[in-house]
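Inspection log for the structure reproduced underneath, given as structure tokens.
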Amino acid sequence: MTIGAVLPVLRQYERVCFDKDLINAAGKPLAQFICPGHPLLDAGIALVLNTQRQTLREGTVLVDPTDPGQELRFLFFLEQTIRDATQRPISQEVHFVEIDEKGTIRAGGYAPYLDYRPATPDELVLIRSANRNAGSLPAPETLENQVIHYAIEQLIPKHLEGVRSRREELIDKTLHAVQERLTKEINHWDGRANELRRQEREGRPNARLNSDLAQQRADDLAARLQRRKEELASERQLSAAPPLLVGGVLVLPVGLLLGERTPPDLLDTRITENIAMQAVMAAEIALNNQPKDVHQQNLGYDIESLDPRTGRLRFIEVKGRKAGAKAVTLTKNEILTGINSPDQFILALVEVENGHAKSPRYVSRPFTREPDFAVTSVDYDMGELLAQSMTPG
């Protein structure tokens, strides 16, 4: 059985790294950059999936520590592939979909599990004793069709359109370069063939190259150009394969676990964050931007704001805190989003006092490094962040 990518995995690597900045290190050999598409990583992922795919199907139980609600929900993850006309995989994505007890379905975002934590044995016992375990929900099998249908209607078209847009741009550039280069060569050999024919008619044949050979080269190049055009045309024809449901988890809101013991601060935080959201939305509108509330989509930010003058999107993570708060908590998902989109990400800080929001403060590039693997959230000093902040603009 073949595991992983077509490219071979070497028996050993002198040095590897997961950060581009570490590829060239003083006094050390050049490192192999391990990233999606590298045969070693692809083979490792394929091996794990080959041996543990059933574990993914069986699922687990996670806790959402920021949700004071009472409703259980399922988080499903689906694998989906875009192929070209030759059925070659062009792009693969994992889509996350959440569905609650009432059957409400929504996109789960890019990596919602990063903000959840494993349920403890005591929490599992508590849920079972309260008769609110997975048995109180519809069986996962009965939800699969709903989740797959939602992905086909809502998520896959966006995936396909994004891939098509990037693909079309790349193919157009390639076609222009191929057309320019091969047409120049064809014209050269056509002209050379004509020149050789003239010399042959005048009785001055070329001992090394005759007109027939020059014309053959021109014709071969023309045929090559046509084949390349046909190949590029087939690469434009993209199709989306049906999504494959590969696993799921049961998500417990912390409010359900705590019940009446839910800390008032958790509920107050939700109210404060809602006030902060409205303040930042108003600030973006005042800048003549077009903000959109996306906080329920788990994208790693709360507001997607379009600047119509530049056509660029701003990814704004809103943090509302009571005036005088010492710290602000950022989830792993939010931090990774800020690191991966440094030019678009903005951390908006809003102090709320007596139910009223102060003017928002924006922090650009608030994060300098990724959190450790086991970390789900990080506390940042509010004062230091405010010292780096500026008025919205």
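The figures follow:
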item: Rel. contact order, % - alpha carbon contacts under 8 angstrom, at least six apart, segment 354-393; result: 66 percent
item: Percent carbon-and-sulfur accessible area, the chain, ignoring ligands, DNA and RNA, probe 1.4 Å; result: 52 percent
item: Zone of Met390's modelled label, taken as backbone nitrogen in segment 324-358 under 18 Å from a point 7 Å along Cα→Cβ; result: 342-350
item: Equivalent ellipsoid semi-axes - Cα gyration tensor, segment 311-393, angstrom; result: 21, 17, 10
item: Over 27 Å between alpha carbons, listed pairs Lys102/Lys326; Lys184/Lys229; Lys292/Lys322; Lys292/Lys326; Lys20/Lys332; Lys292/Lys332; result: Lys102/Lys326; Lys292/Lys326
item: Hydrodynamic radius (Kirkwood) for segment 287-357, which is based on Cα pairs only, to one decimal in Å; result: 13.1 Å
item: Computed lengthening from Ala323 to Leu287, 0.36 nm per intervening residue step minus Cα-Cα distance; result: 10.5 nm
item: Computed [θ] at 222 nm, deg cm²/dmol, the chain (DSSP H ≥ 4; -39,500 (n - 2.57); rounded to nearest 500); result: -13500 deg cm²/dmol
item: Burial ranking of peptide ranges 20-26, 224-230 (average Cβ count within 10 Å, highest at the top); result: 224-230, 20-26
item: Candidates per trypsin sites (Lys or Arg not before Pro) in segment 168-210, loop by DSSP, up to 12 other Cβ within 10 Å; result: Arg208
item: Amide N proximity, segment 220-252 versus Thr174 label position 7 Å along Cα-to-Cβ, cut-off under 17 Å; result: 224-239
item: Neighbourhood net charge (11 Å Cβ-Cβ; Lys/Arg +1, Asp/Glu -1) for Ala85; result: -1
item: Accessible area in square angstrom per residue, segment 57-114, 1.4 angstrom probe; result: 46 Å²
item: Surface per residue (accessible, 1.4 Å probe) for segment 265-393, Å²; result: 53 Å²
item: For a label point 7 Å along the Cα-to-beta-carbon line of Tyr13, residues of segment 23-37 with backbone N under 17 Å; result: 23-25, 28-37
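The values are calculated or read from the model by the stated rules, or taken from the named source; none is laboratory data. Everything quoted here is computed from the prediction, not taken from an experiment. Ideal geometry is used to build each Cβ from the backbone, glycine not excepted, and the neighbour counts take in all protein chains shown. Surface areas here come from the heavy atoms of the whole protein model, side chains and all, with no ligands, DNA or RNA. Shrake-Rupley method; radii C 1.70, N 1.55, O 1.52, S 1.80 Å.
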